[in-house]
Amino acid sequence: MNNISYIILACYTDKGMKSRGPKSLMMFNNQKLLDHQIKAIHNFNKKNTSYEIIVISSFNTIKIQKNFHKIKVVNCLEHNPIYTGCLKAKYKNIVFIDYGCIFNEKTLSAIKFDNSSILCLHSTKDSAIDVGCISDQSSNLINMFFDLPNNKFCNIFYINEYSTNKILSDTKYSIKNLLYFEIINMLVSANEVFKISNINSNNFIYFNNMRQRNAITKFYK
């Protein structure tokens, strides 16, 4: 897929982790977490000559900018990070990735670029993932909400040009406190189609607790 923006959303702190600073700058196997994420995106795009990576940040932005001055780091001030990402993206086909996502290029290969899409784990006991999805028989998303048991939302999703323009054309999508899944639900209610793609749990961890540190270190070995 050419002409695509990858936006890493570094905007929310997790309980008990704020004192440790940005997750993006935490070290795993002698590399910052954001280094690993950028590497996975580059590996997935080896044949793509037209893509960009943007970090949307709402705290410790200057520190992230100093450590990653070769990529675009945007301070999220007026709007929610999704709307901000749509405003700042060079391309209108956009992959959004929460900065707690531990993933590799195999994870990204599950994205269906012919429609807007979301990545899910079919079912999981991982308490770090709290939003589940309801789909129809064609794996089209119907609704997302907390504590639904299956199709756990991995906080990685893709919106096509039509959905991006939809967001930018209506100020209701810019409201500051809207969560990722609320914006996706709004798009679905506006007849946008999101395909659900299930990924292999061996290729993904959602990091929001320091108890996961050993598992993440092992993942990146």
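What follows is calculated from the coordinates using simple rules that are stated; it is not laboratory data. Model, not experiment: these values are computed from the prediction. Counting neighbours? That spans all protein chains shown, and the Cβs are built from the backbone with ideal geometry, glycine included.
Among N191, N160, N200, which one moves the most in a GNM of the chain with springs linking Cα atoms closer than 10 Å?
N191
If I model a spin label at Q31 and K90 as a point 7 Å from the Cα along the Cα→Cβ vector, what separation in nanometres do I get?
It is 2.2 nm.
Can you check what the Kirkwood hydrodynamic radius comes to for the stretch 135-202, Cα pairs only, in Å to one decimal?
13.1 Å
Given points 7 Å out from each Cα along the Cα-Cβ axis, report the T49 to S109 separation in nanometres with one decimal.
About 2.4 nm, to one decimal.
Relative contact order (percent) for the stretch 111-221, with alpha-carbon contacts under 8 angstrom and 6 or more residues of separation?
37 percent
Under Stokes-Einstein, with the Kirkwood radius over Cα pairs standing in for Rh, what whole-number D in µm²/s applies to the chain at 4 °C and 1.567 mPa s?
Numbers: Rh = 17.5 Å.
In µm²/s, the coefficient rounds to 74.
Mean residue ellipticity at 222 nm from the helices of the chain, using -39,500 (n - 2.57) per DSSP H segment of n ≥ 4 over the full residue count, to the nearest 500 deg cm²/dmol?
-7000 deg cm²/dmol
How big is the charge dipole of the stretch 4-219 about its Cα centre, in debye rounded to the nearest 20, if each Lys and Arg gets +1 on its Cβ and each Asp and Glu gets -1 on its Cβ?
920 debye
Along the positive direction of the dipole of the chain (beta-carbon charges: Lys, Arg +1; Asp, Glu -1; about the Cα centre), which of F204, T217, N80 reaches farthest?
T217
What list do you get for M27, M1 if you sort them by fewest beta carbons within 10 Å? Could you put the intermediate results ahead of the total?
Values: M27 10, M1 17.
In increasing order of surrounding Cβ atoms, one gets M27, M1.
Over 18 Å between C-alpha atoms is what I'm after, so list which of K152/K195; K39/K70; K66/K218 land there.
K66/K218
Calculate, for N165 and R20, the FRET efficiency according to 1/(1 + (r/R0)^6) with r their C-beta to C-beta distance and R0 41 Å; round to the nearest 0.05. Intermediate values should be presented prior to the final figure.
Numbers: r = 38 Å, r/R0 = 0.93.
In this case the efficiency is close to 0.60.
Hey, with R₀ at 45 Å, roughly what FRET efficiency would S189 and N67 work out to, going by the Cβ-Cβ distance, to 0.05?
FRET efficiency, S189 to N67: 0.70.
Looking at the chain as a GNM with Cα springs under 10 Å, which of G100, G132, G21 has the largest mean-square fluctuation?
Between G100, G132, G21, it is G21 that shows the largest mean-square fluctuation.
Okay, which of the stretch 193-215 sit inside 16 Å, backbone N to the point 7 Å along the Cα-Cβ direction of A128?
Of the residues in the stretch 193-215, 199-215 have backbone N under 16 Å from the label point off A128.
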